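**Q** Here's a structure for you.
The values are calculated or read from the model by the stated rules, or taken from the named source; none is laboratory data. What you are looking at is a predicted structure, and each value in this text was computed from that prediction instead of being measured. So basically every Cβ, Gly included, is an ideal-geometry build from the backbone, and we count neighbours across all protein chains shown. Side chains are part of the model used for accessible areas, which takes the heavy atoms of the whole protein and leaves out ligands, DNA and RNA. Shrake-Rupley method; radii C 1.70, N 1.55, O 1.52, S 1.80 Å.
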Amino acid sequence: MAAQTYDLIVIGAGPGGYVAAIRAAQLGLKTAVIERENLGGICLNWGCIPTKALLRSSEVFHLMERAKEFGLSADKIGYDLDAVVKRSRGVAKQLSSGVAHLLKKNKVTVVMGEATLPAKGKVSVKTAKGSEELQAKNIILATGARARELTGLEGDGDLVWTYRDALVPSRMPKKLLVIGSGAIGIEFASFYNTLGADTTVVEVMDRVLPVEDAEISAFAKKSFTKQGMKIMEKSTVKKLDRGQGKVTAHIETGGNTQTMEFDTVISAVGIVGNVEGLGLEALGVKLDRTHVVTDAYCRTGVEGLYAIGDIAGAPWLAHKASHEGVMVADLIAGKHAHPVKPESIAGCTYCQPQVASVGYSEAKAKELGYDIKVGRFPFIGNGKAIALGEAEGMIKTVFDAKTGELLGAHMIGAEVTELIQGYVVGRQLETTEEDLMNTVFPHPTLSEMMHESVLDAFDRVIHM
């Protein structure tokens with residue numbers, strides 16, 4: 001049987017792959033997308049979306065517990081864990097079927113199965129019915145990543161959970177250990193801690209949320225501790241002894257090892273790229289620690305072969321993958337393509353309180369040799385935050401003292417994952433401190449703090 005010929009084949013239908021396929025189809029390219037599991041990938045089905053649905057439930061539960069503060073009464077407050085999970089799965093399912101509809105609407109061929117690249121420009125797909133051969137001058141690798149599993153800390157679905165187990169819990173943990181305090185670890189810690197689990201977080205680095213600005217990390221730690229979490233920094237889980245309904249963790253801090261007992265462990269120690277079994281090495285694709293090496297335009301060095309999203313390395317964010325997908329589709333179609341700059345991509349963590357940032361941290365800006373001005377503004381100085389009952393948080397801005405360029409913005413507090421985009425747009429439009437200071441922010445809003453933080457960097461703050 002002759003191979004089906006396309007202009008573009010995309011391997012993986014996550015937020016990078018399906019977006020690349022849709023954009024390519026819009027540009028008139030005959031496009032196929034291959035997916036081995038779920039349309040929408042990990043993000044829609046087992047990542048970003050279902051975790052946000054769970055976290056929304058815990059947030060509402062937390063607010064119900066605070067009812068009295070707002071002059072309201074709510075008695076016998078409780079939750080049904082199965083119903084919380086069911087809602088989360090329903091949200092994921094709705095969005096996954098939405099992706100199927102979009103691909104169909106844009107006339108993208110969907111092939112469900114496992115892909116390999118037997119030769120340049122050729123893709124073989126193992127499907128439920130046998131195998132299909134496809135060929136195209138252009139191929140995009142968008143196979144994503146999976147959770148890193150450390151020897152001895154592997155998930156077993158019972159006592160030690162992966163992120164997947166944590167999304168569909170069979171029971172509510174009483175005493176929980178979360179290994180890793182990046183976005184995934186801290187979101188699960190936040191969810192279970194809010195619902196009443198006695199939660200301990202172990203982080204190998206010197207602070208929680210280690211990719212964030214040091215001041216934000218310190219603020220977050222204080223907040224998490226106040227909520228009852230135990231935070232152990234510069235610590236490593238050396239081994240787990242699994243017993244009957246309990247796990248004994250051997251945790252090393254500064255050369256001293258202590259043992260602690262838990263009924264549940266969630267491992268969230270990073271991710272590895274899905275590069276195996278594709279035949280990449282034989283094609284001459286360069287790999288670096290399970291990630292495909294690419295240039296600024298996502299080219300792999302093998303003609304017509306591109307890699308986008310998590311498989312192409314940090315930052316491991318869905319919105320980065322989507323933008324790279326659009327850029328590569330534009331490039332293939334001969335349009336003007338803009339490379340995605342990692343420092344222009346915002347990171348968002350949906351713990352309680354939320355954390356968001358874009359650009360350089362204060363330390364990174366100094367390390368790069370900038371002469372900087374730093375502004376800060378606390379939530380407690382903002383009318384809307386106080387009215388919402390969310391007076392805990394801060395907004396920090398970092399500017400180049402010479403040019404007024406906004407180098408970075410860092411936030412912690414209610415709804416900062418929505419606020420951060422104001423600074424993202426500002427950076428994209430290359431606004432200076434003057435532009436931001438002369439912008440009129442509506443009152444009363446949380447966004448006014450973004451204005452005040454800029455004013456503070458240049459000694460013009462009003463409400464502090």
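**Q** Quick one: in the range 134-153, of everything that is open to solvent by 70 Å² or more (accessible area, probe 1.4 Å) and over 22 Å from the mean Cα position of the chain (by Cα), which residue is nearest to Q244 (Cα to Cα)?
**A** Across the range 134-153, the extreme among qualifying residues is T151.
**Q** For the range 308-356, how many residues are among the charged types (D, E, K, R) and either assigned to a strand (DSSP E or B) or over 20 Å from L407 (Cα atoms) (or both)?
**A** Matching residues across the range 308-356 total 4.
**Q** Are there any pairs with C-beta distances below 7 angstrom linking a residue in the range 68-95 that is within 18 Å of P173 (Cα to Cα) to a residue that is among the aromatic types (F, W, Y), with the two at least 6 apart or on different chains, and if so which?
**A** From residues that are within 18 Å of P173 (Cα to Cα), the pairs are Y79/F61.
**Q** To continue, here is another question. Determine which member of the set N45, N38 is at pLDDT below 95, of a type outside the set (K, R), assigned to a loop (DSSP other than H, G, I, E, B) and within 27 Å of the chain's Cα centre (by Cα). Spell out the reasoning first.
**A** Details: N45 fails: assigned to a loop (DSSP other than H, G, I, E, B).
Residue meeting the stated conditions: N38.
**Q** For S190, are the conditions met, namely being open to solvent by less than 10 Å² (accessible area, probe 1.4 Å) and more than 18 Å from I271 (Cβ to Cβ)? Working first, answer last.
**A** Working: open to solvent by less than 10 Å² (accessible area, probe 1.4 Å): yes; more than 18 Å from I271 (Cβ to Cβ): yes.
Judged against the criteria, S190 is a match.
**Q** Name the residues in the range 271-289 that are assigned to a loop (DSSP other than H, G, I, E, B), within 15 Å of A312 (Cα to Cα) and either of a type outside the set (A, V, I, L, M) or in contact with a Lys or Arg (Cβ under 8 Å, 6 or more places away or on another chain) (or both), would you?
**A** Taking the range 271-289 as the starting set, the residues that turn out to be assigned to a loop (DSSP other than H, G, I, E, B) are 274-279, 284-286, 289.
When the remaining residues are screened for being within 15 Å of A312 (Cα to Cα), the result is 274-276, 278, 285-286, 289.
Listed by number, the residues that qualify are N274, E276, K286, R289.
**Q** If you don't mind, another one. With the checklist (1) in a loop (DSSP other than H, G, I, E, B); (2) out of contact with any Asp or Glu (no Cβ under 8 Å at 6 or more places or on another chain); (3) in contact (Cβ under 8 Å) with a residue 40 or more places away in the chain in hand, flag the one item M260 doesn't pass.
**A** With (1) in a loop (DSSP other than H, G, I, E, B); (2) out of contact with any Asp or Glu (no Cβ under 8 Å at 6 or more places or on another chain); (3) in contact (Cβ under 8 Å) with a residue 40 or more places away in the chain applied to M260, the lone miss is (1).
This table checks each residue for (1) among the aromatic types (F, W, Y); (2) within 20 Å of V424 (Cα to Cα); (3) crowded, with 21+ Cβ neighbours inside 10 Å.
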| site | (1), (2), (3) |
| --- | --- |
| L280 | no, no, yes |
| L287 | no, no, no |
| G301 | no, no, no |
| A307 | no, no, yes |
| K320 | no, yes, yes |
| M327 | no, yes, yes |
| V358 | no, yes, yes |
| A363 | no, yes, no |
| K366 | no, no, no |
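**Q** Taking only the range 357-384 into account, find how many residues are outside any helix (DSSP H, G or I) and either polar (S, T, N, Q) or within 24 Å of A314 (Cα to Cα) (or both).
**A** Let us first name the residues in the range 357-384 that are outside any helix (DSSP H, G or I), namely 357-361, 368-378, 382.
Retained after the next criterion (residues that are either polar (S, T, N, Q) or within 24 Å of A314 (Cα to Cα) (or both)): 357-361, 368-370, 382.
Total meeting the criteria: 9.
**Q** Within the range 1-38, can you find the residues that are more than 19 Å from A100 (Cβ to Cβ) and among the small types (G, A, S)?
**A** Those that are more than 19 Å from A100 (Cβ to Cβ) and among the small types (G, A, S): A2, A3, G28.
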